[in-house]
Amino acid sequence: MKFCVITAGEILPDFAALSAAIAAAFTLDRDTAAIRTRHGWGILDTDLEETAANALVGKCAGFGVKTLKLPAEALKALPGVLPLKQIGLEPGRFTWTGGAARTGSDWTDVLALSAAPIKVATTHLVKTTEGPSIQERAIRLGIMAVGLPVGFGKTREVNKEITGSDLVFYLDILLKTDKLRLRLDPANFDFSCLKEKKTYSSQTNFRVLCAELSAHAPGALRNTGLRAILEGKPLSALPYDSLEDLEKETRRLAALSYKP
């Protein structure tokens, strides 16, 4: 049988302690260990023989990092994503509209709530009107000075490509019974479920909805991003570089509830 080793508990260990443990366990330099810690999201290693898994658990314990040794199958891939369109916030039942008809389950069926702000590269084409350059204008002034009426030249429309980044918010809701993963993208979601709490800001609505879902499903596991939202912490510094980070963190949360 093969095993995996993950950090214990919902909340990730202290970053410095976990990075030091990973550096020692895998004989890595400080910077490489920090990168592995940042993108590991508490998953330390997978597909290990039991002796190697036990050694990794012991090494982490020496740095005060609590871990779990589980069968490798505990870190199975997550279910495919079902995009959410609407949510019902009734006290007794969690209902939603996704890719199919409206359906639902008890709030106790919510295994995990995982939120993440992810920077997405953007490109916009902007039309601008440009006149002659300073050099062109100087040449034309010189020509006009000798009496030739050439004017200053025509203006022209130019398409400029502007690059930047936007902070896009995602929320994954993992359900136990039907093994579903529902994904909320604020750009394609109807926040009318918030009723009088709904605002004109999609980011504010997202934060409010996270709080509502957390209150309705108190037994659900919560990831780092959701905890930061609930605690009102700055989100731009969170280390979610892609949806892969969110997926990996949610996989670890799901593994915490593993039962053979």
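Give me Leu209, Leu167, Leu182, Leu230 sorted ascending by neighbouring Cβ count inside 10 Å, so fewest comes first. All intermediate terms of the calculation are to be shown ahead of the outcome.
Working: Leu209 24, Leu167 12, Leu182 20, Leu230 16.
Neighbour counts put them in this order, fewest first: Leu167, Leu230, Leu182, Leu209.
For Leu221, the residues whose modelled amide H falls within less than 5 Å of its own, excluding neighbours fewer than 5 places apart on the same chain, are Ala112, Leu113. Dipole orientation for the stretch 3-75: of the candidates Thr27, Leu48, Phe15, Phe15 has the Cα lying most toward the positive pole (charges on Cβ; Lys, Arg +1; Asp, Glu -1). When both the stretch 180-203 and the stretch 11-29 are represented by their alpha-carbon centers, they are found 37 Å apart. In terms of distances greater than 31 angstrom between alpha carbons, the cross-link table entries Lys119/Lys160; Lys69/Lys176; Lys76/Lys197 yield Lys76/Lys197.
Amide hydrogen proximity for Asp45: with H placed 1.01 Å from N in the peptide plane, the residues at 5 or more positions away or on another chain lying under 5 Å are Val5. By the count of neighbouring beta-carbon atoms within 10 Å, fewest first, Tyr240, Tyr170, Tyr258, Tyr200 end up ordered Tyr200, Tyr258, Tyr170, Tyr240.
A 32 angstrom limit on the alpha carbon distance is what I want to check against. Which of Lys85/Lys248; Lys198/Lys233; Lys2/Lys233 exceed it? Let's see the in-between values first.
On the way: Lys85/Lys248 24 Å; Lys198/Lys233 21 Å; Lys2/Lys233 39 Å.
In this structure, Lys2/Lys233 exceed 32 Å between Cα atoms.
In order along the stretch 228-236, the Karplus-derived 3J(HN,Hα) couplings, from 6.51 cos²θ - 1.76 cosθ + 1.60 at θ = phi - 60°, round to 5, 5, 5, 8, x, 7, x, 9, 5 Hz, and Gly and Pro are given as x. For Arg38, Arg227, the sequence from fewest to most other C-beta atoms within 10 Å is Arg38, Arg227.
For Asp109, the shell of other residues with beta-carbons less than 12 Å away shows a net charge of +1, using +1 for Lys and Arg and -1 for Asp and Glu.
Taken together, the values in this text are just the output of simple stated rules run on the coordinates, not laboratory data. Predicted model, so just to flag it, every value in this text is computed and none were measured. Don't worry about glycine lacking a Cβ; one is built from the backbone with ideal geometry, like all the others, and counts go over all protein chains shown.
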